[in-house]
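Bear in mind that the values in this text are calculations on the coordinates, not laboratory data. Treat the numbers as computed from the prediction; the structure is a model and nothing was measured. All Cβ positions, even for glycine, are placed from backbone atoms using ideal geometry, and neighbour counts span all protein chains on display.
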Amino acid sequence: MCVYENRRALLQRGMQREEIAAVVVPPSSDFLYLTGSPRPEAQRPAALVMTQERAVLLMPAFECGSEPALAASLELCPYSDEQDAASLLAGLLPARGCVAVGRQMRASLLLSLQAHRAALRWQSADSLLVPLRSRKSAEEIRILETAQHMAERALTRLLEEPLIGRTEKEIAARLRQLRLDEGFDAVGNGIVASGPNTALPHHVNGDRAVCRGDALMFDIGGTYRGYRADFTRTFAVGRLPDGFEDVYSVVLQAHLAGRDAAAAGVPASDVDQAARRVISQAGYGPFFTHRLGHGIGLDIHEAPFIAAANTAPLETGNVFSCEPGIYLPGRFGIRIEDLLVLQDDGVHSLNTLSKQLQIV
């Protein structure tokens, strides 16, 4: 049984436990997780329909030959432009019971299905899919670790080049190319923030040129075999800004406290609190303005979320970021981010790049 067939079998077991009659998943990261196909959402609907006995793929007839692996492993329900896709999709659903839908289903399609099958009950498929996706397999962890190392190598190569005088956008463009050179399938702009811009946690890269004495923050990743890399490092350029060393020490201690608190069975909120306590006790509590971390996998942000509001216990196989930060408006910000994985023998970082204070 291939990995995707196994995942679908696990989903069907969950459906039986929760008495879910069918699951409908449109093209999305959930669709990719269950089929291996990165099929994008398109004008013509497509959907994986799972019942407790069947796995059927509704798709436009003229596209059926484009993904032979799907045709070999799933029952196909092709349709032409003369047919109503929503009506055909409704016909694949049971007459009664509960149907769970993927979170990225278009509202128009869902409303049409509900009109065709008024007797059905409807809910989100997250209760089934989130637990499956949040417990990463050994192969998923290997891919995520490989992607982290690729991104780290790209940043290391960048830091060997002169940075002073180059704009954030110029550095980001160079870093995009270096990541593609490392083998990523796709990369985004990432965050390249300099000077006071580092005090903006989600800064948008601009035309500010890097100066001696700046803080310089990189928050980067990329997509490799469908999975996401994500890490952050903050440096000083040429010399330390006033107060930078002390604040950096607090953020690093908070990162290590969060990592040390993480374990299977520990509530995610406790991990957030462990890091936040270090920052608050140092007097910077109001300047740590976001959650400690987020799960990662086929999506850049997925369960588990390492936040004060999430009291669910962490589990073996969870992979999540640990990224405390302190952001001092008008001065600088510092964030340090690794990806952590919970395994049977404890918590491990998927990163190898040093977290010690560096002047570049």
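Computed values, structure above
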{"item": "Peptides ranked, highest mean first, by Cβ atoms within 10 Å: ranges 52-61, 105-114, 30-39", "result": "30-39, 52-61, 105-114"}
{"item": "The chain, dipole about Cα centre (Lys/Arg Cβ +1, Asp/Glu Cβ -1), debye to the nearest 20", "result": "380"}
{"item": "Test item: Cα-centred dipole of the stretch 272-359, Lys/Arg +1 and Asp/Glu -1 on Cβ, debye", "result": "560"}
{"item": "Range of Cα positions in the stretch 136-206 per principal axis (Å), largest first", "result": "42, 25, 18"}
{"item": "Peptide ranges 313-323, 119-129 listed from the most packed, as the mean C-beta count within 10 angstrom indicates", "result": "313-323, 119-129"}
{"item": "C-alpha center-to-center spacing [the stretch 160-180, the stretch 208-287] in angstrom", "result": "21"}
{"item": "Within the stretch 183-236, trypsin sites (Lys or Arg not before Pro) in DSSP loop having at most 16 other beta-carbon neighbours inside 10 Å", "result": "212, 225"}
{"item": "Separation of alpha-carbon centers, the stretch 98-118 and the stretch 11-33, rounded to whole Å", "result": "14"}
{"item": "Dipole magnitude of the stretch 27-108, debye to nearest 20 (Cβ charges: Lys/Arg +1, Asp/Glu -1, about Cα centre)", "result": "280"}
{"item": "Relative contact order (%) - the stretch 274-360, alpha-carbon pairs under 8 angstrom, separation at least six", "result": "22"}
{"item": "Computed [θ] at 222 nm, helices only, for the chain once each DSSP H run of length n ≥ 4 contributes -39500 (n - 2.57)", "result": "-11000 deg cm²/dmol"}
{"item": "Most to least packed among 349-355, 14-20 [average Cβ atoms within 10 Å]", "result": "349-355, 14-20"}
{"item": "Anisotropy class of the chain from Cα gyration tensor, a/c 1.5 cut", "result": "prolate"}
